[in-house]
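Visitor: Right, I'll just put the structure down here and ask away after.
Taken together, the values in this text are just the output of simple stated rules run on the coordinates, not laboratory data. Treat the numbers as computed from the prediction; the structure is a model and nothing was measured. Positions of Cβ are generated from backbone atoms using ideal geometry, with glycine treated the same way; all protein chains shown enter the neighbour counts.
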Amino acid sequence: MQPLVKRFNTAVVVLLSLSSLVCGQPKTITILHTNDIHASFLPHEAFWIKSDSKPMVGGMEELSWMIDSLRKAQGTTLLLDGGDVMTGTPISEFDYKGAAGGALFEMMNLIGYDAWTIGNHDLDISQDNLKKLTAIARFPTVTANLTDSLNQFVFGNKQYVVVERGGLRIGIIGHITRDLFHVTNTNNLKGLNVREPWAITQKLIDEIDQKTDLIIALTHEGVDDDSILAQSVHGLDVIIGGHSHTRLTKPKVVNNVIICQAGSNCENLGELSLTVEGDSVTHFEGKLLPLWVRHTYSNDQLTALVTEFKKKIDDEYGQVLGTLVSDWKRSSSGESSIGDFIADAMREGAKADVAVTNSSGIRKDLSAGPIRKLDLFEIAPFRNVLCTFTFTGKELHAFAQRYAKELAGGKASIQISGMTCTWQSTGDGGVEVVNVKVGGKDVVDEGTYTIATSDFVVNQGEKYIGVIPSGVSYTQTTMFQSLVAKVEHDKTIAPMTAKRFQQIQH
């Protein structure tokens, strides 16, 4: 007979060996992910489809249906969001549980999100409103590099969380773009501090590496900065990103880090299937699942909430204000017909000589047909107010020179009204302004001209107009309200690009 101690020691060795074998066995998990939902809780036309009759895509109900289907099919799943839940449709303006846009986070509760990170547009209304949004969320806010001036996490945000799924310990580290102060109205950012994300991420990876099997960075910084992050750290397995609205139909791999992003506006659900073995990802497969609209859904609470806010929006924003004769199309590199119209509306609304607006603030194309109040809100969904300042003629000439140079380089970022210019390229790669007119009259250096723009452009003045203007006067009119007033006045809109800055040949 074996001694009791010997038998006990043998049993311990066997148990430890079995435990080691079980822990070392491959485990699988499917990460489901969204980003830049931008308040798109309802289906919308798939504008990129070239047929006259365009299919409908997106919305929270279709998203929920797809997620439920994958949870049943895949087993172990994790659902993450890369930020910018807010800003895009009027649901962001409606109160729910004390927060403007709060219904969006209640919908995410009902769908069953596991974590999200803050995006720049989640601060479009106010810091106080973001605090109320994160209080509604029944899932953690993970943003390590956003604090107040006292280094406090004031939005209920955590640096990271560790969750367990299917026997895997998963660390999730979040951060927001380091360019926050260049892409958000700085009036909403007072007292906040954005720390450089890469060093923080490495510090946190080192902190949680021994207690995790998989480490994910949940970021809102864009796919280019995600690539830099992947190259700059070690020990990171996956980046689930947002901000650049990039449709990565297959994951990008940089420095053995798997980078994913799902586009924008709730049009796709990202699916990343992983096999994890020995603290490493040994196999992965990622794709985007288009959220084509179906017509039967079973999430009754979600359907009731969607229906409630759809009715509110229909009641307040469903009015047809005018007719669009041909399509409005945006441009990221120069003048556009929709940009001309918006700048005209701002100039008229502010009773100014010239108007300037940022092209990136135009958030939607519009097909020919009825123009609803809702369409105009979706084109200009921000709470940006009109403001005015003055330029001398000399300053206006300098501004024209700067914009012509941007056009020559294919990087123009603004739309202009009330001002025309002819310019030509010089032999050394520069540009020469030939003539500048305001209201059809030549600009004179000693003259004074009133410029209309938005408070956002004023805050980012160096980027868009070359200077931070002084003596700014703020109106009580938003950009959206100026668009409504112009469509109501004009009724029928025949879009055209007026070629307000024209290149001429020597």
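Visitor: Using the beta-carbon distance between Thr497 and Asp68 and R0 = 51 Å, what value does 1/(1 + (r/R0)^6) give for FRET efficiency, to the nearest 0.05?
Guide: The pair Thr497/Asp68 has a calculated efficiency of 0.65.
Visitor: Using the 10 angstrom Cβ neighbour count as an exposure proxy, how do His182, His243 rank, fewest first?
Guide: Numbers: His182 13, His243 27.
Neighbour counts put them in this order, fewest first: His182, His243.
Visitor: Could you calculate the FRET efficiency of Thr392 with Lys97 from 1/(1 + (r/R0)^6), where r is the beta carbon distance between them and R0 is 45 Å, rounded to 0.05?
Guide: With R0 = 45 Å, the Cβ-Cβ based efficiency is 0.35.
Visitor: So, one more: Where does helix 337-350 land angle-wise versus the long Cα axis of the chain, in degrees 0 to 90, nearest 10?
Guide: 70
Visitor: Let me ask something else. How tilted is helix 393-408 with respect to the longest principal axis of the chain? Cα atoms for both, answer in degrees (0 to 90, nearest 10).
Guide: Value to nearest ten degrees: 50.
Visitor: Which one, Thr134, Ala73, Leu123, is farthest towards the positive end of the dipole of segment 59-150 when Lys and Arg carry +1 and Asp and Glu -1 on their Cβ?
Guide: Checked the options; the winner is Ala73.
Visitor: Now for a separate question. Could you name the lysines in cross-link range of Lys311, using Cα to Cα under 16 Å and dropping any fewer than eight places away on the same chain?
Guide: Lys373
Visitor: Next question. Just tell me which lysines come within less than 17 Å, Cα to Cα, of Lys50; anything on the same chain fewer than 8 places away is out.
Guide: Lys329, Lys364
Visitor: If you line up the long axis of helix 127-136 against the longest principal axis of the chain, both from Cα atoms, how many degrees apart are they, to the nearest 10?
Guide: In the chain, helix 127-136 runs at an angle near 40 degrees to the longest axis.
Visitor: What length, rounded to one decimal in nm, is gained on full extension from Ile228 through to Val444, with 0.36 nm per residue of separation minus their alpha-carbon distance? Mind showing how you got there, number by number?
Guide: Working: separation 216, 0.36 × 216 = 77.76 nm, distance 4.75 nm.
Length gained, Ile228 through Val444: 73.0 nm.
Visitor: For Asp327, put the label point 7 Å out on the Cα→Cβ axis and report which residues of segment 345-364 keep their amide N under 14 Å from it.
Guide: What the label zone holds, given the 14 Å backbone N cut-off, is 364.
Visitor: Also, quick follow-up: Relative contact order of the chain: what whole-number percent is it, with Cα pairs under 8 angstrom and at least 6 residues apart?
Guide: Computed over the chain, the figure is 15 percent.
Visitor: Treating only the Cβ atoms of Lys and Arg (+1) and Asp and Glu (-1) as charged, compute the dipole magnitude of the chain about its Cα centre; round to the nearest 20 debye.
Guide: In total the dipole reaches around 580 debye.
Visitor: Taking neighbour Cβ counts within 10 Å as the exposure measure, how do Lys491, Lys373 sort from fewest upward?
Guide: Lowest to highest Cβ neighbour count: Lys491, Lys373.
Visitor: Turning to a different aspect of this structure: Measure off 7 Å from each Cα along the Cα-to-Cβ vector at Glu432 and Phe47, then give the distance between these two points in nanometres to one decimal.
Guide: 4.0
Visitor: Between segment 24-82 and segment 233-261, what is the separation of their alpha carbon centroids in Å?
Guide: Measuring centre to centre over Cα atoms gives 17 Å.
Visitor: Which of Pro197, Phe155, Met60 sits farthest toward the positive end of the charge dipole of the chain, with +1 on the Cβ of Lys and Arg and -1 on the Cβ of Asp and Glu?
Guide: Among Pro197, Phe155, Met60, the one farthest towards the positive end of the dipole of the chain is Met60.
Visitor: Can you tell me how segment 274-422 classifies by the Cα gyration tensor, rounded, prolate or oblate, using a/c under 1.5 as the rounded cut? Don't skip to the answer; put the middle values down first.
Guide: Details: a/c = 2.73, a/b = 1.48, b/c = 1.85.
Oblate, since a/c reaches 1.5 and b/c is not below a/b.
Visitor: Set Lys and Arg Cβ to +1 and Asp and Glu Cβ to -1, take the dipole of segment 25-310 about its Cα centre, and tell me which of Phe41, Leu302, Gly88 lies farthest positive.
Guide: Of the candidates, Leu302 comes out farthest on the positive side.
Visitor: Under the definition of Cα pairs under 8 Å and six or more residues apart, what whole-number percent is the relative contact order of segment 319-503?
Guide: Across segment 319-503, relative contact order equals 37 percent.
Visitor: Another question about this same structure. Which ordering of Thr87, Thr448, Thr296, Thr453 is given by a fewest-first count of other beta-carbon atoms within 10 Å?
Guide: Thr296, Thr448, Thr87, Thr453
Visitor: For Lys463 and Thr296, compute 0.36 nm times the residue count separating them, minus their Cα-Cα distance, and round to one decimal in nm.
Guide: 55.4 nm
Visitor: Let me ask you something else. Can you list which of the trypsin sites (Lys or Arg not before Pro) found in segment 185-229 are DSSP loop residues with at most 15 other C-beta atoms within 10 Å?
Guide: Answer in residue order: Lys190, Arg195.
Visitor: Above 22 Å lies some portion of the pair distances; for segment 319-503, what is it as a whole percent of all C-alpha pairs?
Guide: Cα-Cα pairs in segment 319-503 separated by more than 22 Å: 42 percent.
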